[in-house]
Amino acid sequence: VVSVMGMRPSSGYWTIIDGACEIGGRIEVFITNVENKTCSGFGTLTYPADAVRLPRSELPVVFRETQLSCTEFSNLLERSSRP
């Protein structure tokens, strides 16, 4: 499974495949895209992408996408690193 965002104007963009599971006769793939609207990044063109290998399946695939700002993503990382 591959998630790509296409060309972006800075390094402040990410796409992350968070996981996948079988639910109700289909494979659901969970993706988080981080958009750089307010945070800084290096001013260079990037092509954010992520890939994971899943077992072969004939089940239909559904993508569940979450959009976060870089501030929201930073806050999420901060909370998850606390004991």
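The values are calculated or read from the model by the stated rules, or taken from the named source; none is laboratory data. What you are looking at is a predicted structure, and each value in this text was computed from that prediction instead of being measured. In this analysis, Cβ positions are derived from the backbone assuming ideal geometry, glycine residues included, and neighbour counts consider all displayed protein chains. All accessible areas refer to the heavy atoms of the entire protein, side chains included, with ligands and DNA or RNA removed. Shrake-Rupley method; radii C 1.70, N 1.55, O 1.52, S 1.80 Å.
Remarks
- Selection of first residues in region 54-83 that are under 20 Å from residue 33 (Cα atoms) and of second residues that are among the basic types (Lys, Arg) and part of a loop (DSSP other than H, G, I, E, B), restricted to Cβ pairs under 9 Å at least 6 apart or on distinct chains, gives the following pairs, ordered by first then second residue: 69/37; 70/37; 71/37.
- For region 7-25, a residue qualifies if it is among the small types (Gly, Ala, Ser) and surrounded by 13 or more Cβ atoms within 10 Å (Cβ to Cβ), and the qualifying residues are 10, 11, 12, 20.
- Residues of region 41-65 that are of a type in the set (Val, Ile, Thr) and more than 13 Å from residue 28 (Cα to Cα): 44, 46, 52.
- Residue check: residue 3 meets all listed conditions (1) in contact with a Phe, Trp or Tyr (Cβ under 9 Å, 6 or more places away or on another chain); (2) modelled with pLDDT under 90; (3) hydroxyl-bearing (Ser, Thr, Tyr) but one, namely (2).
- Taking the criterion of being polar (S, T, N, Q) and part of a helix (DSSP H, G or I), the residues of region 63-83 that qualify are 71, 74, 75, 80.
Conditions (1) at pLDDT 95 or above; (2) more than 20 Å from residue 76 (Cβ to Cβ); (3) open to solvent by 70 Å² or more (accessible area, probe 1.4 Å), marked per residue:
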residue: 27; (1), (2), (3): yes, yes, no
residue: 41; (1), (2), (3): no, no, no
residue: 62; (1), (2), (3): yes, yes, no
residue: 65; (1), (2), (3): yes, no, yes
